[in-house]
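Just below is one structure, and these are the notes that go with it.
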Amino acid sequence: MPNTEYEAVIGLEVHAELKTESKIFCSCSTEFGAEPNTQICPICTGMPGVLPVLNRKVLEYAIKTGLALNCEIAEFSKYDRKNYFYPDLPKAYQISQYDLPICRNGYLEIEVDGQQKRVGITRVHMEEDAGKLVHQGTITATPYSLVDLNRSGVPLLEIVSEPDMRTPQEARLYMEKLRAILLFLGVSDCKMQEGSLRCDANVSVRPRGETRFGTKTEIKNMNSFRALERALEFEIDRQIELLEDGEKIVQETRTWDESKQATFSMRSKEEAHDYRYFPDPDLVPVVVDRDWVEAVRETLPELPDAARKRLVQNYGLPEYDATVLTLTKDTLDFFDRCMEEYHDAKVVSNWIMGELNRLLNQQNLEITECKVTPFGLVSMLRLIDEGTISGKMAKSVFEEMFATGKQPEVIIKEKGMVQISDESALEPIIARIVADNPKVVEDYRNGKDKAFGFFVGQVMKATRGQANPKMVNDILKRILSGA
C-alpha cells in the first residue's frame, strides 16, 4: 500500500537523440550499430585545432520541438562548454547550452485519473552526445570497460521538466506523451532500446502538506518506461523508509539494476557539480530570425492531442482506443489508411490494439517493420463480413499474414479455410450429431445450457472449425426445438 503520509516530488531530464544523418558539428554518420570507432573524425574525437560547424537541421529540430512543447523560442542563444572528466568524453568537455538555451518555459499536459495535469518544461537545449563505455560485466561490477566514440557528437536535445510530478505513474505518462510528440514531429526515432531516448529522474520525498523540497537523488539512464516507473517506486519507498527510521537522505547519483529491481549508489553528489561552464569560443551565438520560427511552426504536423480528439470526434472511438492509436505516428498512419477503405473504426482499432500489437511485441518489431499492410488487414475484415471466414479463423489467417506477408485470400485458398455458410451443407451434419446424442438432447430440453455448447463443439469438430457459427446456432435451435 502507498504511504499516504508522504508525497514524492519528481522531475525528469530526458535526452532525445535527433534523427539527423550527420552529427551536430561534423559530417560523420549517426547510423546506429556500426562497428566501434568507425564513424569518427578529428572533430568528434576532440583532436587539437579542429573547429566545429553547427548542423542547421539540429537547430530546426530544436525549434520544432520547442514549439510543440509550448516553449518560448530564444532569438539569441549560445553554446557553452560543460567541463568534466570521463573516459568517454574525449575533449574533457561537452558542447552544450547553459544560461541561454534555445527553448524555455514550456509545458505538456497529461491525463491522470481522468483529469488534465500540466507539467512544466523548464528548458530544451541542444548538445552533443558523449561516447559510450562498453562494460565487460555490469556498470557496478566490471573488470574493465572499452570506449566506443561512434556516438560522440551525435546531436541531442535535453528536455528538462519542472518538478511537477508526484507519482511514478505521472512520470511514466509524461515520458510516454513526450515520446509520442517527438515521434509525431519526426525529430527522433525514440528507440529506447538503442539509447536514442534516455531519462534521468530526480526524486525526493516530503511529508504531505510540506512546501519545501526534500533531499533529492538522481537515478541515471533509464531506458524503458517500465524501468522508470519501477525505479521511482523503489526509490520513493527507500527514501520514506530512511526518514521513518530517523536517518538522513544523502544527495547522490544512483543507478537502476533491472535484475535486482533496486537502485544502487554510484557516487555522492553532496553539492551541485561545478562544470565551469563558459561560452564556447569556437562557435558563434545562435541568432534565430522570427520569420524562420514561424516558417517552422507552419510545418508542424498534427500532434497526439489533436489526433486523439479527431479519432474520438470523427469515428466515435473510446478515449482509451484513441490514446493507444496515437502513441506513435506510424500506428496512427496505419489506422488512417485502413479507414480510407473500411467502414468500422472500432473493429479496425480492436485488431490493431489486439492481435497486431500482440504479434509486434512478441517479435519486438515496429509497426513499419511488419508484413501486414493496411490493405491486407482491410481485405481480411471484409472476408469476415462476407462470411467467408469466421472471427476465430481470421486470427489464424492473420498470424500467417504477419509471418509471410501473404494476402488473406491466398492463405485461405492454400489452407482450405473457407467458412461453410451453406445451410443445405450444414443441416445434415447437425441433424446427424443431434440424432447420435439423444441423452444430450434430453439434457438441453430439461434446461441444461451446457448441452447446447456441446452440440456447437461437435459441429465445429466435424467441420474442422469451418462452419458459420451464427448459422450453426440457428439450425441447432430449430432442430432441437423440433421445428
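Laboratory data are not the source of any read-out in this text; all were calculated from the coordinates shown. Please read all numbers here as calculations on a predicted model, not as lab measurements. Here the Cβ positions follow ideal geometry from the backbone for every residue, glycine too, while neighbour counts run over all protein chains shown.
For Kirkwood radius over Cα pairs in Å, the value computed from the atomic coordinates appears in the list [x] 26.5; [y] 22.6; [z] 24.1 under label [x]. Shown for the chain: cysteine residues without a partner Cβ closer than 4.7 Å, namely C26, C28, C41, C44, C190, C199, C338, C370.
Relative to the longest principal axis of the Cα atoms of the chain, helix 56-68 runs at roughly 60 degrees. Potential lengthening of the chain between Q261 and K415 amounts to 50.8 nm, from the contour at 0.36 nm per residue minus the alpha-carbon distance. Measuring nothing but how far apart in sequence close Cα pairs (under 8 Å, 6+ apart) lie, relative to its length, the chain scores a relative contact order of 14 percent. 3J(HN,Hα) couplings calculated from phi for the stretch 313-329 with the Karplus curve 6.51 cos²θ - 1.76 cosθ + 1.60 (θ = phi - 60°) are, in sequence order, 6, 7, 10, x, 6, x, 4, 4, 4, 4, 5, 5, 5, 10, 5, 9, 5 Hz; Gly and Pro show x. In this Cβ point-charge picture (+1 for Lys and Arg, -1 for Asp and Glu), the chain has a dipole of about 1100 debye about its Cα centre.
The spacing between the stretch 300-324 and the stretch 366-408, judged by their C-alpha centroids, is 24 Å.
Over all distinct Cα pairs, what is the inverse of the mean 1/r for the stretch 6-293, reported as the Kirkwood hydrodynamic radius in Å? Mind dumping the intermediate values first?
Details: mean 1/r = 0.0503 Å⁻¹.
Its Kirkwood hydrodynamic radius stands at 19.9 Å.
Under the simplified labelling scheme, the V50-R432 pair shows an inter-label distance of 8.0 nm, with each label point 7 Å from Cα along Cα→Cβ. Projected over every direction and averaged, the convex hull enclosing the alpha-carbon atoms of the stretch 302-415 yields 6.8 nm². Residue separation of K117 and F76 scaled by 0.36 nm, minus their Cα-Cα distance, works out to 11.7 nm of gained length. The long axis of helix 391-404 is offset from the longest Cα principal axis of the chain by roughly 50 degrees.
From the square roots a ≥ b ≥ c of the eigenvalues of the alpha-carbon gyration tensor of the stretch 235-354, which class results: rounded (a/c under 1.5), prolate (a/b over b/c), or oblate? Here the stretch 235-354 falls in the oblate category. When W351, W292 are arranged by Cβ crowding within 10 Å, least crowded first, meaning fewest neighbours, the order is W292, W351. Under the combined filter of DSSP loop state and at most 12 neighbouring Cβ atoms within 10 Å, the stretch 132-208 retains these chymotrypsin sites (Phe, Trp or Tyr not before Pro): Y144. For A262, the residues whose modelled amide H falls within less than 5 Å of its own, excluding neighbours fewer than 5 places apart on the same chain, are D257.
Less than 5 angstrom separates the built amide H of R151 from those of K132, all sequence-distant by 5 or more or on a different chain. What shape does the stretch 85-148 have by the C-alpha gyration tensor, where a ≥ b ≥ c are the square roots of the eigenvalues, rounded means a/c under 1.5, and otherwise prolate means a/b greater than b/c and oblate the rest? Verdict is oblate for the stretch 85-148. Shape call for the stretch 213-269 from the C-alpha gyration tensor, a ≥ b ≥ c root eigenvalues: rounded (a/c under 1.5), prolate (a/b greater than b/c) or oblate? Note, shape of the stretch 213-269 comes out prolate. Compared with the dominant principal axis of the Cα atoms in the chain, helix 423-435 is inclined by about 70°. Straight-distance candidates among the lysines for linking to K450, with alpha-carbon spacing under 22 Å and chain neighbours fewer than 8 residues away dropped: K392, K439, K461, K470, K477.
Loop-only check: which trypsin sites (Lys or Arg not before Pro) in the stretch 242-326 are DSSP coil with at most 16 other Cβ within 10 angstrom?
Hits after loop and neighbour filter: K248, K260, K269, R276.
Fewest neighbouring Cβ atoms within 10 Å first, the residues E302, E252, E229 line up as E302, E252, E229. Annotation: amide H of Y84 within the under-5 Å range of Y93, Q94, sequence separation 5 or more or interchain, hydrogens built in the peptide plane.
Qualifying GluC sites (Glu not before Pro) in the stretch 324-389, where qualification requires a DSSP coil assignment and no more than 13 other C-beta atoms within 10 Å, comprise E340, E366, E386.
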